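Here is the structure we will look at, set down as structure tokens.
The values are calculated or read from the model by the stated rules, or taken from the named source; none is laboratory data. Predicted model, so just to flag it, every value in this text is computed and none were measured. Cβ: placed from backbone, ideal geometry, glycine included. Neighbour counts: every protein chain shown.
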Amino acid sequence: MDMKGLRRRISAELCRVPTVPALISAAVCLVLGMLVAVSGKGYGVFLPRSTVSVILMGIFWGIFYAVIGFALGCFLFAGDGCANVRGEQTALLFLCTLVLSYTWTVVVFKAGNYLMGLMVCLAVLACLLTLFFTLRKRYFVSGALILIGCAWIFYVIYYTFSLMFFHL
């Protein structure tokens with residue numbers, strides 16, 4: 001597919017999606033993620049030099065939550081998102097991805113359990129890849145946004161590995 005065809009496909013798909021509900025979905029996911037991140041007492045995490053600061057982690061997690069929330073909004077409000085059983089299963093997979101990604105922050109920064117954090121990251125990556133292969137043909141924009149989320153989760157896996165080996 002050439003660039004002009006790709007641009008036409010993206011604009012045609014975005015025309016089907018009501019923007020306000022998709023943005024509200026992104027904002028709700030972002031607010032929930034930030035509430036989980038600031039709740040409770042934190043575990044003292046000493047960061048290796050090869051990782052970004054905790055402040056940048058919060059910013060990037062916020063972007064991740066907003067991107068996944070917007071992809072969920074694009075899927076749900078595109079007109080036929082949850083019209084069948086497969087659509088309901090895909091929406092449930094989106095919610096599992098979000099809940100697992102919220103859980104990572106609690107497991108790593110609040111409980112200090114890095115092995116469990118790594119397992120949570122791998123579960124989130126499995127959910128994201130399943131979503132990508134489910135959505136890539138019919139919901140191109142949501143599939144592309146899921147790939148952005150996959151890139152972030154690859155970094156989070158590296159981050160969790162470095163925390164795990166740094167704290168041995």
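Structural remarks
- Pairs linking a residue in segment 48-75 that is outside any helix (DSSP H, G or I) to a residue that is among the acidic types (D, E) and surrounded by 14 or more Cβ atoms within 10 Å (Cβ to Cβ), with Cβ atoms under 6 Å and 6 or more positions apart or on different chains, do not occur.
- S162 being on the phi < 0 side of the Ramachandran plot, in contact (Cβ under 8 Å) with a residue 12 or more places away in the chain and in contact with a Leu (Cβ under 8 Å, 6 or more places away or on another chain): no
- Condition check for V108: touching a Ser or Thr at 6+ places or on another chain (Cβ under 8 Å) and either in contact (Cβ under 8 Å) with a residue 40 or more places away in the chain or surrounded by 15 or more Cβ atoms within 10 Å (Cβ to Cβ) (or both): yes
- Qualifying positions in segment 7-50 - surrounded by 14 or more Cβ atoms within 10 Å (Cβ to Cβ), of a type in the set (G, A, S) and modelled with pLDDT of 75 or more: A22, S25, A26, A27, G33
- Total residues in segment 98-142, condition more than 12 Å from the chain's Cα centre (by Cα), over 24 Å from A37 (Cβ atoms) and part of a helix (DSSP H, G or I): 6
- Condition met for L56 (more than 20 Å from E88 (Cα to Cα), surrounded by 15 or more Cβ atoms within 10 Å (Cβ to Cβ) and modelled with pLDDT of 80 or more): no
- Inside segment 130-154, residues that are out of contact with any Leu (no Cβ under 8 Å at 6 or more places or on another chain), surrounded by fewer than 15 Cβ atoms within 10 Å (Cβ to Cβ) and within 19 Å of T103 (Cα to Cα) make up a count of 1.
- Screening Q89 with (1) in contact with a helix residue (DSSP H, G or I) (Cβ under 7 Å, 6 or more places away or on another chain); (2) surrounded by fewer than 16 Cβ atoms within 10 Å (Cβ to Cβ) gives one miss only, at (1).
- For segment 104-142, a residue qualifies if it is modelled with pLDDT of 90 or more and not hydrophobic (A, V, I, L, M, F, W, C), and the qualifying residues are G117, T130.
- So A78, is it at pLDDT below 90, under 21 Å from L30 (Cβ atoms) and in a loop (DSSP other than H, G, I, E, B): yes
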